[in-house]
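Let me begin by presenting the structure, written as structure tokens, before commenting on it.
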């Protein structure tokens, strides 16, 4: 390298140390806040995450649409590249991994024999009809493969509503008899941490992972969801709540009231029945459905595709011909 | 690596870096593929699930066919229902939908190239040997953008730290590790691509954020409904300005980095521009004028053979789906309105049934759909921007027109389409902004659901022509059918045994190392497979209904 290059290089190196360290601490502080802790706890989280080895994550895809993985790609704190290069070791994930076929299978076998253990994340439901032939990976049914991978894991996270409760393919009449991870693994005595949502907010995933690494299992509600993120209803935290309290409801989507941001309750909003942090965590760091004028469809509730549907009307009219 | 040319079978299962579950099976003779079978490995049954539900609710359900081309199924469903009602959404709503669809397509192309495809060409480990100053010079030359050497030095240092730590994570067992004869980029070229891989992770997040301003969230939009869109909040000046800033930033990356990286690829891998051929091309029209509903910016059609200059208009009545090689009970080929399906899993048998996918055919022939099909149809019609940009890419890579019909051609077409679409977005955004400035904008219109009707929605989505077909009875969904791009591209053989687009394209592919068949991945990935979309296909409108056990 010539002298100029060396100069550029030294400067870049200094920048790199500063910037990435700053980003990392910012991320830890953000996580601390998301976990309901003081921001000053960020430094403690940073120390816990800066161990010699990165914790291994094995990410499996079942009957799903990959929307949860896409949601993870939208992470900002940390960026996805920071997550997989500096925070965890993503040892298996079919959507992004370089290896394919036999080499991918070998990577999975190596990961689940890791003496340091691994966390298993499952996105998607598990088809069980006819022994599970409706979903196969490498000639093995998802049911058999996931049982093997989750059975040996230090902890299991069900990523999204499909993994948590069966999701879209489990909606009536559930043609492939798809079930959630918790239901599938019950015979093994494994209860996953459920992170429902369609998709789940990636912030909730990162917060859960950090909690697992620093403080162990988070406190869960009766549906297996971390109370940190799913402790309140969307309705309770909704920015349009003052309109609800005053009885100010938009009657139609074309009305002046809809234009003025009034409550969407009478247009089918399921916020009062839905436990999630959308109004405070936001999606894509910029908005969430109700802010954008779209009623909540209750996507983090078990069975919402049937029980909270039809979505096109006030829930009090639901009985008519649901 | 094998000492002599390989003869035998190669199965890649799972194919990774795609959406969904796919198995590829090929027969190789003297190092060249002479037969291929594409097998989709998941069945979900979304069409039966929406049966009996309110038509205006269906878009929520079918959107979950796919979280990658998220929103396209929602939009196509809304179009099918609006078509059935004879309804036209307000022009401003159509503009918002254009902006959502355009940012989705560009986002998808970008993630596809960098995060699903580039590791088939880029040896990340080899980038550690690069001289960052030389790499910066190269990057500046191909991208037309001043790339500071320090940026590349930082990336290289970060990669080195990552590799030295010994946990390769998502790069473990990559075909390129330890060297592979089919990976031929120089260390500097590898560094440029690796740096853009990381940068593109951040750029895609921003395009998705831009989309979410209108869509309410990404993935899975919530603001598009039958009747229009609901995002009044996004029409405020500061929100439009936020969109514009994100858009401009992403556009710069696409016009320079993405474009430059395809030049590197085309120059260094001319042989990949000579295999991966298919025969026929088809796509639908989209981005119609929001006022008139005419003059699509993407103009559909059919191109038979490689007869540039002879494009045919598309006739949707000529679409049929064949069942005989999928895991379904046999039946005659049928138009989507008349489809009959009865799933029947019988195990994997390439000489018989071997996929959960059905086999759509146009006039009985397999056609490729997607960005390459769209650009070839536009090129064939002499549409100026496409011709100029496709020819510029060919010239920069010293390739010929025939090289467009190839694996790299398919990948370059996505880049060209992204550039063209991003340029067009500005006009739609300006139009929307002018309307918003002029006063309250109508973005939603009330409608009445008919008791009996049928309708179809067409959409030119990331991976090709998507169509949804709905029959409404007693105001409810009586029948719902989706014919999706990845079924066209990656389905099995038809009743006459004619291979699908991807099966055709694999024949003739070289395989240098049967244990690490990267050439197969290159071609399969060049279609950007989206299997969740293609395997839910269950036509609920036939005489026989789903067999519930």
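No value in this document is a laboratory result; all are computed from the given coordinates. This is a predicted model, so every value here is computed, not measured. A quick note on method: Cβ atoms are made from the backbone with ideal geometry, for glycine too, and the neighbour counts reach across all protein chains shown.
Across peptide A:171-183, the mean count of Cβ atoms from other chains lying within 10 Å of each residue's own Cβ comes to 4. Would you mind classifying the range A:111-177 by shape? Square roots of the alpha carbon gyration tensor eigenvalues, ordered a ≥ b ≥ c; an a/c under 1.5 is rounded, otherwise it is prolate if a/b is larger than b/c and oblate if not. In terms of gyration-tensor shape, oblate. The distance separating the Cα centre of the range B:159-180 from that of the range A:138-204 comes to 30 Å.
Can you tell me the length gained on complete extension of the stretch residue B:34 to residue B:295, counting 0.36 nm per residue apart and subtracting the Cα distance? All intermediate terms of the calculation are to be shown ahead of the outcome.
Details: separation 261, 0.36 × 261 = 93.96 nm, distance 4.28 nm.
Full extension from residue B:34 to residue B:295 adds 89.7 nm.
For the protein assembly as shown, DSSP calls about 75 percent of its internal beta bridges antiparallel.
For B:211, B:422, B:85, the sequence from fewest to most other C-beta atoms within 10 Å is B:85, B:422, B:211.
Label-to-label distance for residue B:5 and residue A:172 is 6.1 nm, based on points extended 7 Å past Cα in the beta-carbon direction.
Can you classify the protein assembly as shown as rounded, prolate or oblate using the Cα gyration tensor, where a ≥ b ≥ c are the square roots of its eigenvalues, rounded means a/c under 1.5, and otherwise it's prolate if a/b beats b/c and oblate if not? It comes out rounded by the Cα gyration axes.
Rounded to 0.05, the FRET efficiency of the residue A:306 and residue A:245 pair, given R0 = 35 Å and the Cβ-Cβ distance, is 0.70. Fewest neighbouring Cβ atoms within 10 Å first, the residues B:474, A:232 line up as B:474, A:232.
Available extension along the chain between residue B:351 and residue B:392 is 10.4 nm, counting 0.36 nm per residue and deducting the alpha carbon span. Let's test the formula: R0 of 60 Å, r as the Cβ-Cβ distance of residue A:140 and residue B:161. What FRET efficiency results, to the nearest 0.05? It comes to 0.95.
State whether chain B is rounded, prolate or oblate according to the following rule on the C-alpha gyration tensor (a ≥ b ≥ c being the square roots of its eigenvalues): a/c under 1.5 gives rounded; otherwise a/b larger than b/c gives prolate, and the remaining case gives oblate. Mind dumping the intermediate values first?
Details: a/c = 1.78, a/b = 1.17, b/c = 1.53.
It is oblate, given that a/c is not under 1.5 and a/b is not larger than b/c.
Among A:142, B:415, A:237, B:205, a tally of other beta-carbon atoms within 10 Å of each Cβ gives an order, fewest to most, of A:237, B:205, B:415, A:142.
Calculated FRET efficiency, residue B:252 and residue B:137, Cβ-Cβ r, R0 25 Å, to nearest 0.05? The partial results should precede the final answer.
On the way: r = 20 Å, r/R0 = 0.79.
It comes out at approximately 0.80.
At what distance in angstrom do the alpha carbon centres of the range B:217-290 and the range B:496-535 lie from each other? Each part's Cα centre sits 24 Å from the other's. The label point for residue B:245 and the one for residue A:256, both projected 7 Å from the Cα toward the Cβ, are 3.3 nm apart.
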